[in-house]
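J.: Got a structure for you, written out below as structure tokens; questions coming shortly.
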Amino acid sequence: MKLAVIGTGYVGLVSGVCFASKGNEVVCVDMDQNKIDKLNRLQSPIYEPGIEQLMEENVREGRLSFTSDLQEAVRRSELIILAVGTPSLPNGEANLQFIERAAADIGEAMDGYKIIVTKSTVPVGTNEKIRQVIASRTSFSFEIASVPEFLREGTAIRDTLKPDRVVIGLDNPGLEGVLTALHRPFTENIFVTDIRSAEMIKYASNAFLATKISFINEIANICEKVGADVTEVAKGMGSDQRIGSAFLRAGIGYGGSCFPKDTKALIQIAGNVDYEFKLLKSVVEVNTGQRYNVIAKLKESLETLKGARIGIWGVSFKPDTDDIRDAPALEIVETLIREGAVVKLYDPIALDNFRQQFDHPGLHWCSSAEEAAGGCDAVCLLTDWHEFKEINLHKLAAMMRQPVLIDGRNVYGREQIEGTGLEYISVGRPHMGAYSEYPRKIAEVL
Ligand SMILES: NC(=O)c1ccc[n+]([C@@H]2O[C@H](COP(=O)([O-])OP(=O)(O)OC[C@H]3O[C@@H](n4cnc5c(N)ncnc54)[C@H](O)[C@@H]3O)[C@@H](O)[C@H]2O)c1
Ligand SMILES: O=c1ccn([C@@H]2O[C@H](COP(=O)(O)OP(=O)(O)O[C@H]3O[C@H](CO)[C@@H](O)[C@H](O)[C@H]3O)[C@@H](O)[C@H]2O)c(=O)[nH]1
């Protein structure tokens with residue numbers, strides 16, 4: 001099929017490339033000329049493992065191209081996929097300005113029958129608005145469908161090529177054949193429903209996964225007080241098939257461009273129909289508190305943050321991505337700076353993005369985990385990048401001013417910690433290593 005994908009972000013670019021790899025002729029469109037120029041040089045504007053190789057293969061085979069000319073792209077396509085951003089407004093509601101603008105542009109470009117598919121995460125009822133916006137700008141006939149995207153950053157290509165399921169929301173049963181045929185190369189597990197239900201499935205799925213994370217984080221907080229180990233608890237719970245082991249990793253809470261914004265948007269969607277989503281409000285509150293537990297643990301160990309040197313390992317919201325949108329590191333680092341700490345930051349990929357959002361004279365940008373840890377009073381591991389798992393912890397302890405390791409992702413086991421001299425504080429597990437019950441005093445060691 002001839003496809004146009006509007007928006008070349010994490011969803012649009014990955015979807016476009018994967019649809020091309022299944023033999024479709026795909027043109028990816030973005031209003032950001034810099035992104036298009038980069039893509040035309042076969043460089044990906046986002047870090048996503050495997051994307052550049054797949055881009056290159058499909059461009060070479062003539063199935064994939066990039067443009068900022070939306071009108072031209074719409075005209076040469078049979079099916080148009082909307083994958084623009086839907087960020088949060090200050091009140092938590094989804095900002096639909098990019099969707100509305102893209103819909104208006106599509107309407108104006110129409111030169112015949114088209115199918116418009118929304119992949120962006122949009123509040124229930126938005127596809128009907130999209131229909132109205134397009135209809136007000138064209139007399140050509142068209143159809144609308146909702147096909148929400150469930151990929152995760154860092155594993156986006158695998159998730160797209162082999163999704164657990166594809167959800168297709170449509171009002172006209174006549175569309176089912178063409179949309180299932182488009183997605184069948186990825187999976188046989190295709191769930192067809194109405195548009196409003198499809199829109200809701202996306203929010204409900206993200207809200208449920210966020211709930212699992214906040215639930216296990218609260219269990220972790222209780223474990224810390226009663227001397228249980230949350231990783232053991234999660235294993236024991238997760239082996240019940242009704243519960244499942246996924247998304248039960250305790251830590252510093254969820255971040256990213258989706259869970260924080262989609263949970264808040266669903267609270268607003270409910271509020272707009274006079275329903276208070278109490279459970280989800282608590283999920284959001286627990287998640288915010290979980291980030292600040294890192295600060296509380298540092299204070300417990302160092303007594304004061306003023307003058308303390310803190311190393312930060314990982315600033316992206318999860319490993320294998322350069323995305324720092326709503327990353328816990330942002331709030332944690334801002335708080336450390338506010339409290340008078342000197343902060344040394346290291347991330348394998350995401351430092352440039354972080355620096356664009358938050359820069360300060362008290363921040364030191366490091367090119368390795370060791371450099372960030374050197375001379376520090378504590379290191380906080382905030383993102384579970386694989387390379388942190390392989391660090392020599394004996395050497396780490398030796399290079400620090402005080403050997404305190406706050407592990408926000410429960411990366412290390414007791415066998416790696418014992419004997420290193422590290423004071424090791426993780427999430428929901430008993431303290432390990434040379435943990436002292438008494439707070440250290442920065443002033444004493446300075
Ligand atoms: N990031 C994810 O992991 C993920 C996963 C599933 C669903 N989603 C949803 O998919 C949507 C896109 O997310 P993303 O992370 O890819 O966003 P993103 O911000 O990375 O990319 C959006 C792109 O759309 C472009 N754009 C905006 N308006 C445009 C217009 N009128 N014409 C052409 N281009 C335009 C922007 O320049 C940008 O490059 C959101 O609704 C998000 O909630 C995201
Ligand atoms: O057990 C867990 C699992 C995840 N996380 C955190 O949760 C956040 C989100 O992780 P993940 O879901 O893997 O990444 P995303 O790329 O944000 O993907 C989510 O958001 C996307 C956008 O809507 C959806 O498409 C995906 O299905 C959904 O998993 C990250 O900060 C993780 O560190 C935990 O703290 N504990």
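Readers should treat all values here as calculations from the given coordinates under stated rules, not as data from a laboratory. Small disclaimer: the values here were computed from a predicted structure and weren't measured. Neighbour counts are summed over all protein chains in view; Cβ atoms, including those assigned to glycine, are modelled from backbone coordinates with ideal geometry.
J.: Report Rg(Cα)/(2.2 N^0.38 Å) for region 233-275, keeping two decimals.
T.: 1.60
J.: Report the GluC sites (Glu not before Pro) located in region 214-315 that are in a DSSP loop and have at most 10 other Cβ atoms inside 10 Å of their Cβ, or state none.
T.: When the GluC sites (Glu not before Pro) of region 214-315 are filtered for loop state and at most 10 Cβ neighbours within 10 Å, Glu276 remain.
J.: Indicate the gyration tensor shape class of region 114-239 (rounded, prolate or oblate), computed on the Cα atoms with a ≥ b ≥ c the square roots of the eigenvalues: a/c under 1.5 is rounded; otherwise a/b larger than b/c is prolate and the rest oblate.
T.: prolate
J.: Which one, Ala246, Ala341, Ala350, has the greatest fluctuation when you compute a Gaussian network model over the chain with C-alpha springs under 10 angstrom?
T.: Result: Ala246 has the largest fluctuation of those listed.
J.: Could I ask something else about it? Normalised by the empirical 2.2 N^0.38 Å for globular proteins, what value does the Cα Rg of region 202-285 take? Each step should come with its number before you reach the end.
T.: Details: Rg = 13.9 Å, N = 84, 2.2 N^0.38 = 11.8 Å.
It is 1.17.
J.: Continuing with the same structure: Give the residue from Ile295, Gly255, Ala397 lying farthest towards the positive end of the charge dipole for the chain; charges sit on Cβ (+1 for Lys and Arg, -1 for Asp and Glu) and the dipole is referred to the Cα centre.
T.: Ile295
J.: In debye, nearest 20, what is the charge dipole magnitude of region 289-445 about its Cα centre with +1 on Lys and Arg Cβ and -1 on Asp and Glu Cβ, if you could check? Write out the running numbers ahead of the final one.
T.: Values: 18 positive and 24 negative charges, 82 e Å.
Taking the Cα centre of region 289-445 as origin, the dipole is about 400 debye.
J.: Right, another one. Which of Tyr47, Asn91, Cys18 sits farthest toward the positive end of the charge dipole of region 1-93, with +1 on the Cβ of Lys and Arg and -1 on the Cβ of Asp and Glu?
T.: Cys18
J.: Only four residue types carry charge here, +1 at the Cβ of Lys and Arg and -1 at the Cβ of Asp and Glu. Report the dipole size of region 2-190 about the Cα centre in Debye, rounded to the nearest 20. Don't skip to the end; give the middle numbers.
T.: On the way: 20 positive and 26 negative charges, 33 e Å.
Roughly 160 debye, rounded to the nearest 20.
J.: Further, regarding this structure: Angle check, please: helix 328-338 long axis (alpha carbons) against the longest principal axis of the chain (alpha carbons), in degrees 0 to 90, nearest 10.
T.: Relative to the chain, helix 328-338 is tipped by roughly 50 degrees.
J.: Can you tell me how region 2-190 classifies by the Cα gyration tensor, rounded, prolate or oblate, using a/c under 1.5 as the rounded cut?
T.: Judged from the Cα gyration tensor, region 2-190 comes out rounded (a/c under 1.5).
J.: A further question follows. Per residue and in Å³, how big is the convex hull formed by the alpha-carbon atoms of the chain? Working shown, then result.
T.: Details: hull volume 66.7 nm³, N = 446.
Convex hull volume per residue, Cα atoms: 150 Å³.
J.: Where is the GNM fluctuation largest for the chain (alpha-carbon springs, 10 angstrom cutoff): Arg41, Arg242, Arg165?
T.: Highest fluctuation of the listed residues: Arg242.
J.: Quick check on region 286-377: take the gyration tensor over C-alpha atoms, sort the square-rooted eigenvalues as a ≥ b ≥ c, and tell me if it's rounded (a/c under 1.5), prolate or oblate.
T.: Details: a/c = 1.67, a/b = 1.19, b/c = 1.40.
Here region 286-377 falls in the oblate category.
J.: Determine the dipole magnitude for the chain: charges of +1 sit on the beta-carbon of Lys and Arg, -1 on that of Asp and Glu, nothing else is charged, the reference point is the Cα centre, and the result goes in debye to the nearest 20.
T.: Details: 49 positive and 61 negative charges, 64 e Å.
The dipole magnitude comes to about 300 debye.
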